[in-house]
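Comments concern the structure below.
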Amino acid sequence: DTGVSQDPRHKITKRGQNVTFRCDPISEHNRLYWYRQTLGQGPEFLTYFQNEAQLEKSRLLSDRFSAERPKGSFSTLEIQRTEQGDSAMYLCASSEGPGANVLTFGAGSRLTVL
Amino acid sequence: GIQVEQSPPDLILQEGANSTLRCNFSDSVNNLQWFHQNPWGQLINLFYIPSGTKQNGRLSATTVATERYSLLYISSSQTTDSGVYFCAVVGDDKIIFGKGTRLHILP
């Protein structure tokens with residue numbers, strides 16, 4: 001197992017376009033988290049999954065954002081009609097589950113919206 | 001929700017110096033982790049430390065859950081220790097990060 005993988009590592013897009021990020025967690029990790037990090041700030045919670053169920057969504061996650069985790073394995077985070085304010089690093093992490101919340105992060109997907 | 005405050009926000013030290021980074025949190029937490037974010041943005045787990053003291057080489061951490069703080073100690077710092085150190089706490093199943101301490105070690 002090579003840890004948490006994220007793809008793409010970098011994405012440059014024009015305002016108004018849709019983008020999708022993928023996260024492959026550590027195998028058998030039941031929990032998967034998405035965070036967003038802007039320059040000079042700590043990671044901000046967006047949403048998390050327990051297997052395929054999305055358990056919580058931050059108010060930061062506007063209706064332009066959607067996340068899925070079909071079959072409880074990999075997850076995708078889609079941003080529709082991107083805005084310049086969406087430019088950030090999108091981080092994915094996984095953990096074994098409740099009571100074992102040691103997070104392991106991927107390398108992140110950096111989004112630049114022109 | 002839980003508030004996490006880290007101090008100092010910035011720290012510049014000469015190579016070989018020791019440092020102490022602090023994390024205060026506003027409510028009872030189930031767990032706490034310290035991370036180092038390298039210059040490429042990768043968050044590396046340093047310690048999973050809900051309470052007590054752990055050591056790993058030149059790094060050690062202590063969490064006093066009853067007093068709602070944790071400390072990260074770096075001894076004999078090296079230039080490769082530079083980067084941002086984050087504390088993250090778990091309360092009510094949500095993991096909240098502080099704003100980090102930016103550490104710059106001068107050669």
Self-check item: Options A:Glu52, A:Glu44: the member that is touching a Gly at 6+ places or on another chain (Cβ under 7 Å), without any contact (Cβ under 8 Å) to a residue 60 or more places away in the chain, of a type in the set (Asp, Glu) and open to solvent by 20 Å² or more (accessible area, probe 1.4 Å)
Solution: A:Glu52
Quiz item: Any residue in the range A:99-109 that is in contact with a Ser or Thr (Cβ under 7 Å, 6 or more places away or on another chain), of a type outside the set (D, E, K, R), buried (at least 20 other Cβ atoms within 10 Å of the Cβ) and over 25 Å from B:Gln6 (Cα atoms)?
Solution: no
Quiz item: Applying the selection to the range A:72-114, what residues are within 14 Å of another protein chain (Cβ to nearest Cβ), closer than 18 Å to A:Ser5 by Cβ, in a strand (DSSP E or B) and not charged (D, E, K, R)?
Solution: A:Met89, A:Tyr90, A:Leu91, A:Cys92, A:Ala93, A:Ser94, A:Ser95, A:Thr104, A:Phe105, A:Ser109, A:Leu111
Quiz item: Do any strands (runs of 3 or more DSSP E) lying entirely in chain B carry at least 3 residues that are aliphatic (A, V, I, L, M), farther than 21 Å from A:Glu44 by Cα and free of Cβ contacts under 8 Å to residues at least 60 places away in the same chain, and which ones are they?
Solution: B:59-64, B:69-74
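For residues that are more than 11 Å from the chain's Cα centre (by Cα) and either surrounded by 16 or more Cβ atoms within 10 Å (Cβ to Cβ) or outside any loop (DSSP other than H, G, I, E, B) (or both), tally how many sit in the range A:31-41.
Result for the range A:31-41: 1.
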Quiz prompt | B:Ser75 being more than 29 Å from A:Cys92 (Cβ to Cβ) and open to solvent by less than 30 Å² (accessible area, probe 1.4 Å) | solution = no
Practice problem: Return the residue satisfying two criteria in turn: it lies in the range B:3-28 and is of a type in the set (Val, Ile, Thr) and open to solvent by 30 Å² or more (accessible area, probe 1.4 Å), and of such residues it is nearest to the other protein chains (Cβ to nearest Cβ). | Solution: B:Ile12
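The values are calculated or read from the model by the stated rules, or taken from the named source; none is laboratory data. Treat the numbers as computed from the prediction; the structure is a model and nothing was measured. Neighbour counts run over all protein chains shown; Cβ positions are idealised from the backbone, glycine included. The protein model used for the area step is the full one, side chains on, heavy atoms only, and it has no ligands, DNA or RNA in it. Shrake-Rupley method; radii C 1.70, N 1.55, O 1.52, S 1.80 Å.
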